[in-house]
Amino acid sequence: MLNRFQLAFLGAAVFLQRAAHPLSRQKPRIRVRKTPPLSKSTQLFSGIERFWRLSGTPGAQSATVHPTRSFAIMHAAIYDAVNAIDRKHRPYLVRLSGVPRDASQEAAAAAAAHEVLVALYPAFKTTLDAQLQQSLAQIPDGNGKAEGILIGQSVADRILAARSNDGSNAPPIPYVFGTAPGDYQSTPPNFAPQPQFTNWSHVTPFALERANQFRPGPPPTLASDAYGDCIRPDQIPWNRQQHDRDGR
């Protein structure tokens, strides 16, 4: 559907055309294209987006568990559920056998997302149930829909089981602030008494072999030339232009 700016442009064009041809009595034909309805996939994944936003509700997430864990579990379940039917890609974790190719991928995706989030956010089960039904209502009833729901639930349960002992429930490790030069200190604006997620390096990674697989090396020692080069005034980005201009 045309917006008001497009309609205004069309109106101006029609006016100018008729002004240029005052003898013409033919009325211009304006064809307005109707916006096609959203596809089932778009509607269903809009529902999944609502699930995603709900998980970020203040107070819904444990202060010691990073919310990205919930998102990763949910999307891993969605991926493997859809891929179990589509079979075009390598599974992330779950490989099902005997899955009918005519099962609904949309139903599998919605059911997988719902199964994960109800397990992780049980206090929001009523809202999640309602959103799931709203999503599934877009799919015609039948064996394909029923099979898709079962596939999504089965994959989600397996993903949840695989992550049930991943170390995310461990309490944060107390951090002792040092007093020597270069020791980490609490930062503004909150100056938190403790760093957050100090236990997260011990959580089983989703894709890496280990948490420190690509960790860079330590910074140079304070007494080294390399450290001095890093903090030289002419090496600080906002000082370089002035340094180059002054030739100092």
The one condition in (1) part of a helix (DSSP H, G or I); (2) among the hydrophobic types (A, V, I, L, M, F, W, C); (3) at pLDDT below 95; (4) within 18 Å of the chain's Cα centre (by Cα) that ALA123 fails to fulfil: (4)
Selection from region 134-149 of residues that are in a loop (DSSP other than H, G, I, E, B) and free of Cβ contacts under 8 Å to residues at least 40 places away in the same chain: ALA137, PRO140, ASP141, GLY142
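To keep it simple, each residue is scored yes or no on (1) within 18 Å of the chain's Cα centre (by Cα); (2) surrounded by 23 or more Cβ atoms within 10 Å (Cβ to Cβ); (3) farther than 25 Å from PRO58 by Cβ.
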| position | (1), (2), (3) |
| --- | --- |
| ILE78 | yes, yes, no |
| ALA81 | yes, yes, yes |
| ARG87 | no, no, yes |
| PRO91 | no, no, yes |
| PRO100 | no, no, yes |
| THR127 | no, no, no |
| ILE139 | no, no, yes |
| GLY144 | no, no, yes |
Subset tally (residues that are in a loop (DSSP other than H, G, I, E, B) and without any contact (Cβ under 8 Å) to a residue 40 or more places away in the chain) for region 151-165: 2
Of residues in region 209-238 being surrounded by 11 or more Cβ atoms within 10 Å (Cβ to Cβ) and at pLDDT 85 or above, the one nearest to SER168 (Cα to Cα): ALA211
Residue within region 75-94 that is closer than 26 Å to PRO171 by Cα and either at pLDDT below 95 or hydroxyl-bearing (Ser, Thr, Tyr) (or both) present: yes
Test: residue in region 181-190 that is free of Cβ contacts under 8 Å to residues at least 24 places away in the same chain, in a loop (DSSP other than H, G, I, E, B) and closer than 30 Å to SER104 by Cα: no
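The values are calculated or read from the model by the stated rules, or taken from the named source; none is laboratory data. A quick note: this is a predicted structure, and the numbers were derived from the prediction, not measured. Heads up, the Cβs are rebuilt from the backbone with ideal geometry, glycines too, and the neighbour counts pull from every protein chain shown.
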